[in-house]
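Peer 1: Pasting in a structure now, in structure tokens, and then I'll have a few things to ask.
The values are calculated or read from the model by the stated rules, or taken from the named source; none is laboratory data. Computed from a predicted model, the values in this text were never measured in an experiment. Note that each Cβ is placed from the backbone with ideal geometry, even for glycine, and that neighbours are counted across all protein chains shown. Surface areas here come from the heavy atoms of the whole protein model, side chains and all, with no ligands, DNA or RNA. Shrake-Rupley method; radii C 1.70, N 1.55, O 1.52, S 1.80 Å.
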Amino acid sequence: MTMEMRVSQILVPREPSAVQIENSERLRQAYQSERTQQEMTEIEIGRSRILMIDEDGNTESVTIVSEH
């Protein structure tokens, strides 16, 4: 008599392992950090650069900080 194994179509969800939880946490933190950096870059790109020219013809950069 031979024993026949039957294949089940029922999938039981597994609990996430500690490594998966750690990786997803690292990914979330990296995403948030990069999103903040991108926002800062977009602010810098959108900011106009103002130069002053003195009576001798020398240019000087003027920094105006008008953040909300």
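Peer 1: Looking only at segment 11-20, how many residues end up being assigned to a helix (DSSP H, G or I) and open to solvent by 90 Å² or more (accessible area, probe 1.4 Å)?
Peer 2: Here the count works out to 2.
Peer 1: Evaluate segment 23-38: report whether one residue or more is out of contact with any strand residue (DSSP E or B) (no Cβ under 7 Å at 6 or more places or on another chain) and modelled with pLDDT under 80.
Peer 2: No: zero hits.
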